[in-house]
Amino acid sequence: MIETRNLVKTFRDGDVETKVLKGIDFRAENGQFIVIMGRSGSGKSTFLYQMSLLDEPTSGQIIIDGRNTHDMSAEEKILFRLTQCGYVFQDYALLPELTALENVVLPLLMQNVKNKNAYATAKEALTKVGLSHRFNNVPSHLSGGEQQRVSIARAIAHKPKILFADEPTANLDNESSKAIIAIFKELHKEGQTIIMVTHEDQYAIMAEKIIKLDDGKIVSEIKN
Amino acid sequence: MLDKLQLNIKIGFFLAYRQIRGSSFWTTSLIVFVMILTFLNLVVVSGILVGLIEGSIAAWHNQYTGDIMISNLESKDYIENSLSIISLLHTIDDIQYFSARFNKGGTLEANYKTKKENEKPNIASAQIIGIDPFAEDRLTGLSSHIVEGSYLAPGDYDKVLIGYFLLKQYLPVDSPGFTTLNNVGVGSNIRITVNGITREVTVKGILKSKVDNVSMGLYMIDSQAKGLIGRQDNNFSQIAIKLKDGVDPAKVKKELLLRGIDKNAKVQTYVDAQPKFLKDIISTFAMLGNGLSSIGLVVASITIFIVIFINAITRRKFIGILKGIGINGQAIEISYILQSMFYAFLGSVIGLFIVYLILVPLFLAYPINFPFSDGILVAPAGETLIRVALLVLSTVIAGYIPARMIVRKNTLDSILGRN
């Protein structure tokens with residue numbers, strides 16, 4: 001369903017060129033829960049950003065459902081991210097002046113879902129992550145774990161094809177992290193495709209497949 | 001295409017509303033305050049400059065010309081067949097009342113009794129104006145301009161009202177071409193000479209007005225004036241007419257012309273009768289006001305630009321997140337445009353209240369005392385609305401540019417805070 005072929009990403013700073021991804025071939029099937037691991041600087045987050053269309057690779061191909069994303073216009077990529085992808089970031093990435101409910105409903109409204117349906121769906125997603133009592137709280141009035149759950153609710157409310165998560169537990173305490181991973185497991189059980197970057201082994205073992213990156217290359221693929 | 005724009009406006013509104021709701025009260029107040037000041041600068045500066053002249057025009061209109069002025073033709077110094085013209089005026093319904101005046105230039109002399117043989121006479125030139133005191137006061141409120149002494153009564157023979165510009169104690173100007181009377185006050189005797197005929201009169205009152213023709217005139221009752229200036233035929237020099245409320249002076253002027261008055265007299269509305277220099281000053285001041293206002297507009301635009309730029313740059317990460325989760329860049333730009341519009345609109349609305357509910361009535365009640373006019377604040381609704389539109393438009397552009405600059409930045413760089 002999502003495939004990368006010889007994916008290369010190079011950063012240039014003046015005359016200095018840094019090759020972060022050095023030709024990655026990767027494939028994830030529908031409904032899989034894949035974890036990408038690696039030490040700092042191995043290129044795991046960069047790899048996730050390329051796959052999730054947040055960044056443009058230097059060369060290589062990304063094919064999602066048979067479509068080469070290189071052929072998509074900027075506008076099509078935005079629409080694709082809106083409708084087909086869900087994102088969970090390490091620092092939650094919530095809009096501070098919006099309540100939990102408003103943060104979740106915003107992408108739905110952008111998809112032109114009618115107000116009534118959008119709010120009902122957003123409430124459903126927040127309830128699913130255990131935040132039915134926090135609809136009207138702004139992020140600053142929520143704990144880190146609750147903010148990350150709002151972020152997950154925002155990512156899954158529109159039922160995306162792929163859920164991308166970049167170190168979702170890195171800023172959380174152990175208990176909150178377990179709660180977040182439990183939600184991911186539940187989503188996976190329901191058939192959600194998840195690609196998650198993490199450096200924590202205890203959560204990685206819950207995935208179906210673990211990809212290890214080192215120096216911009218896949219060094220191992222472990223099936224759990 | 002239209003649906004997409006509509007959706008982006010909806011999302012832009014959603015974001016703008018929440019951003020304003022979440023912003024600091026004091027920051028919002030400060031921005032709105034700048035907008036109010038800009039609006040006032042736009043409206044009040046040019047309004048006062050124009051109002052200064054409008055005040056002068058209003059004074060001419062109310063204190064001298066009335067709504068319509070009938071005066072002598074260039075070739076004559078009187079209006080021929082004045083009495084038949086006056087009979088005609090009585091038949092026109094739209095005319096409320098009028099005042100007919102005799103008018104001729106003369107010389108006033110003050111020190112003729114005390115002057116030694118080789119001493120220079122203290123003389124001043126003035127327009128001698130003969131009036132029916134009741135009719136003139138009803139039309140121009142002349143009695144309200146008495147600053148010393150009292151107004152003329154119908155039988156006040158050998159009594160005069162003198163304009164304060166003719167008296168040295170009020171206008172201490174020592175110019176070779178312009179002389180004033182020294183040591184003349186209420187009760188003083190002065191000598192008037194017109195066409196070689198001389199009369200001694202007593203000053204009954206002193207007039208102070210912002211209209212030069214009043215301030216430099218010498219008023220006496222018409223029955224005496226006509227003898228002095230040699231107009232026993234009762235042909236007046238001017239007839240100032242007050243129309244009933246709401247009547248268009250141009251319409252009555254047309255009617256008078258149709259009746260053939262123009263054969264014997266010049267017919268002008270109060271606008272026609274305005275001195276040309278006033279008309280020239282109005283356009284010059286309006287231009288000057290617009291120039292000064294434009295500077296205010298540029299300052300407001302720069303303020304909004306900086307406010308939105310700082311706002312957008314400090315929120316760059318969130319703009320990146322919005323784009324990252326698929327929110328259209330145009331919707332984000334619209335949210336900033338709507339915020340700019342909100343500030344400009346709120347500033348303008350408060351400014352409108354200040355102008356129309358406070359400043360305009362205040363200036364009407366307490367006009368600015370300029371030497372040649374009572375300055376008021378002129379703020380015609382149409383022009384004010386254009387200025388509101390101008391302010392909103394300039395802030396929209398000033399808000400859009402920085403928003404666009406930040407929205408165009410790479411999404412991932414914005415999310416990660418990379419340059």
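Points worth noting:
- Which listed residue is more than 25 Å from the chain's Cα centre (by Cα), under 30 Å from B:I350 (Cα atoms) and either modelled with pLDDT under 85 or not in a strand (DSSP E or B) (or both), from B:V34, B:V50: B:V34
- Restricting the range B:53-77 to residues that are open to solvent by 20 Å² or more (accessible area, probe 1.4 Å) and polar (S, T, N, Q), the residue that is farthest from the chain's Cα centre (by Cα): B:S75
- Some residue of the range B:221-242 being open to solvent by 40 Å² or more (accessible area, probe 1.4 Å) and closer than 19 Å to B:T91 by Cα: yes
- Hits in the range A:10-37 - residues which are open to solvent by less than 20 Å² (accessible area, probe 1.4 Å) and closer than 17 Å to A:V219 by Cα: A:L21, A:I24, A:F26, A:A28, A:I34, A:V35, A:I36, A:M37
- Condition check for B:K253 on (1) more than 27 Å from B:A273 (Cβ to Cβ); (2) touching a strand residue (DSSP E or B) at 6+ places or on another chain (Cβ under 7 Å): one failure, at (1).
- Just one of the numbered conditions (1) within 14 Å of chain A (Cβ to nearest Cβ); (2) farther than 30 Å from B:L30 by Cβ is not true of B:T314: (2).
- Subset of the range A:148-162 (residues that are open to solvent by less than 30 Å² (accessible area, probe 1.4 Å), within 22 Å of A:Q32 (Cα to Cα) and in a helix (DSSP H, G or I)): A:Q148, A:S151, A:I152, A:A153, A:R154, A:A155, A:I156
- Of the residues examined, B:Y270 is one that is in contact with a Phe, Trp or Tyr (Cβ under 9 Å, 6 or more places away or on another chain), open to solvent by 30 Å² or more (accessible area, probe 1.4 Å) and of a type outside the set (K, R).
- Of all residues in the range A:186-224, those that are surrounded by 15 or more Cβ atoms within 10 Å (Cβ to Cβ) and in a helix (DSSP H, G or I) total 4.
- Of all residues in the range B:78-106, exactly one satisfies the criterion of being closer than 24 Å to B:L166 by Cα and either touching a Pro at 6+ places or on another chain (Cβ under 9 Å) or surrounded by fewer than 16 Cβ atoms within 10 Å (Cβ to Cβ) (or both), namely B:G105.
- Residues satisfying the stated conditions in the range B:185-203, i.e. open to solvent by less than 70 Å² (accessible area, probe 1.4 Å) and either among the acidic types (D, E) or under 14 Å from B:P121 (Cα atoms) (or both): B:I190, B:I192, B:T193
- Condition check for A:L109: within 24 Å of A:E186 (Cα to Cα), open to solvent by less than 40 Å² (accessible area, probe 1.4 Å) and assigned to a helix (DSSP H, G or I): no
- Count of residues meeting criterion [open to solvent by 30 Å² or more (accessible area, probe 1.4 Å) and in contact with a helix residue (DSSP H, G or I) (Cβ under 6 Å, 6 or more places away or on another chain)] in the range B:397-416: 2
- Every residue from the range B:194-203 that is in a strand (DSSP E or B), over 36 Å from the mean Cα position of the chain (by Cα) and farther than 11 Å from B:K104 by Cβ: B:T198, B:R199, B:E200, B:V201, B:T202
- Out of A:I78, A:I64, one residue alone is away from chain B (no Cβ under 11 Å), crowded, with 19+ Cβ neighbours inside 10 Å and within 17 Å of A:H158 (Cβ to Cβ). It is A:I64.
- Comparison of A:G130, A:G86, A:G145 shows that the only residue that is surrounded by fewer than 17 Cβ atoms within 10 Å (Cβ to Cβ) and either in contact with a helix residue (DSSP H, G or I) (Cβ under 8 Å, 6 or more places away or on another chain) or not in a helix (DSSP H, G or I) (or both) is A:G130.
- Listed by first and then second residue, the pairs with beta-carbon distance under 6 Å, at least 6 apart or on different chains, first residue in the range A:87-106 and within 7 Å of chain B (Cβ to nearest Cβ), second small (G, A, S), are A:Y87/A:A155; A:E97/B:G22.
- Options B:F39, B:F14, B:F33, B:F25: the member that is surrounded by 16 or more Cβ atoms within 10 Å (Cβ to Cβ) and away from chain A (no Cβ under 11 Å): B:F39
- Subset tally (residues that are within 19 Å of the chain's Cα centre (by Cα) and closer than 24 Å to B:I319 by Cα) for the range A:51-80: 13
- Scanning the range A:38-52 for residues that are more than 9 Å from chain B (Cβ to nearest Cβ), touching a His at 6+ places or on another chain (Cβ under 9 Å), at pLDDT 90 or above and open to solvent by less than 40 Å² (accessible area, probe 1.4 Å) turns up at least one hit.
The values are calculated or read from the model by the stated rules, or taken from the named source; none is laboratory data. A quick note: this is a predicted structure, and the numbers were derived from the prediction, not measured. As a convention, Cβ positions derive from the backbone with ideal geometry for all residues, glycine included, and neighbour counts pool all protein chains shown. Just so you know, the surface numbers come from the protein's heavy atoms only, side chains and all, with ligands and any DNA or RNA stripped out. Shrake-Rupley method; radii C 1.70, N 1.55, O 1.52, S 1.80 Å.
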